[in-house]
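The values are calculated or read from the model by the stated rules, or taken from the named source; none is laboratory data. Model, not experiment: these values are computed from the prediction. Note: ideal-geometry Cβ built from the backbone for every residue, glycine included; neighbour counts use all protein chains shown.
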Amino acid sequence: MKKPLGIKGLMAAVVTPMDPGGELRLEMVPRIVEHLAEGGIVGIYIAGSTGEGMSLTSEERRAVAEAYVEACGGRMRTVVQVGH
């Protein structure tokens, strides 16, 4: 029998903030997290289904994941896409 994840509520696939040249804008992550939290989101999916995750280097993907996890501060569940 599979163990349930214990997530009740909505999870959002988050964007990876970038400038027009494709450079990461990680300073925007806390504002994104605040907006989602205010809207009742209980968890986020990082570097996955929004498409840009596959265009990032491993180091960039790690930086994005770390920025979101830090900004969440334990308030939301976090799921990180790790496939490449």
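Looking across the range 8-21, the residues that are assigned to a loop (DSSP other than H, G, I, E, B) and either exposed (fewer than 11 other Cβ atoms within 10 Å of the Cβ) or within 11 Å of the chain's Cα centre (by Cα) (or both) come down to 8, 9, 14, 15, 16, 17, 19, 20, 21.
Exactly one residue out of 59, 34, 27, 70 is charged (D, E, K, R), modelled with pLDDT of 95 or more, closer than 22 Å to residue 83 by Cα and out of contact with any strand residue (DSSP E or B) (no Cβ under 7 Å at 6 or more places or on another chain), and it is 70. A single member of 42, 64 is in contact (Cβ under 8 Å) with a residue 40 or more places away in the chain and under 14 Å from the mean Cα position of the chain (by Cα), and it is 64.
Taken together, the residues in the range 1-18 that are under 18 Å from residue 62 (Cα atoms) and either out of contact with any helix residue (DSSP H, G or I) (no Cβ under 8 Å at 6 or more places or on another chain) or touching a residue at least 24 places away in the same chain (Cβ under 8 Å) (or both) amount to 5. Scanning the range 36-84 for residues that are farther than 16 Å from residue 17 by Cα, among the aliphatic types (A, V, I, L, M) and part of a loop (DSSP other than H, G, I, E, B) yields 41, 42, 76, 82.
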